[in-house]
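K.L.:
Handing you this structure, nothing more for now.
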Amino acid sequence: MTIESLREVVRSDPFRPFTLRLADGRSIHVHNPDNVAFLGSGRTLFVAHPRSDRFELVDLLLINSVEVGGNGASRRRRAG
């Protein structure tokens, strides 16, 4: 996954919720663009989970794909 392609998803207007699919099989759903931040050089992604008062730090190299939207109207962006 490239930094530019993920920033495009995060900054889309209007924003559409998305799911990060990670190499270890986990999925991280992002409901709000305010819950995401690129750290340092942009290779590390901070994802807040405000409902549970926790957060995750994700290395962009571990993201296999990004699924945008839901309810059958999703599209996947492959790492590349």
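The values are calculated or read from the model by the stated rules, or taken from the named source; none is laboratory data. What you see is a predicted model, and the numbers here were worked out from it, not measured in a lab. Using ideal geometry, Cβ is built from the backbone for each residue, glycine included, and neighbour counts are taken over all protein chains shown.
Conditions tested, residue by residue: (1) exposed (fewer than 13 other Cβ atoms within 10 Å of the Cβ); (2) at pLDDT 95 or above.
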site	(1), (2)
1	no, no
4	yes, no
9	no, yes
18	no, yes
21	no, yes
34	yes, yes
38	no, yes
48	no, yes
53	yes, no
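K.L.:
Collect the residues in region 50-71 that are without any contact (Cβ under 8 Å) to a residue 40 or more places away in the chain and either under 12 Å from the mean Cα position of the chain (by Cα) or under 15 Å from residue 21 (Cα atoms) (or both), keeping them in residue-number order. Give the steps one after another, and end with the answer.
P.N.:
Kept after step one, since they are without any contact (Cβ under 8 Å) to a residue 40 or more places away in the chain, are these residues of region 50-71: 50-59, 71.
Residues satisfying the conditions are 56, 57, 58, 59.
K.L.:
Only one of (1) under 13 Å from the mean Cα position of the chain (by Cα); (2) loosely packed, with under 15 Cβ neighbours inside 10 Å; (3) modelled with pLDDT under 95 is not met by residue 79, so which one is it?
P.N.:
(2)
K.L.:
Just give me the residues in region 59-76 being aliphatic (A, V, I, L, M) and at pLDDT below 50, in sequence order.
P.N.:
Here is the first cut: in region 59-76, the residues aliphatic (A, V, I, L, M) are 60-63, 66, 68, 73.
Result: 73, single match.
K.L.:
Identify all residues within region 1-49 that are out of contact with any strand residue (DSSP E or B) (no Cβ under 7 Å at 6 or more places or on another chain), free of Cβ contacts under 8 Å to residues at least 60 places away in the same chain, of a type in the set (Ser, Thr, Tyr) and under 14 Å from residue 64 (Cβ atoms); write none if there are none.
P.N.:
Passing the criteria: none in range.
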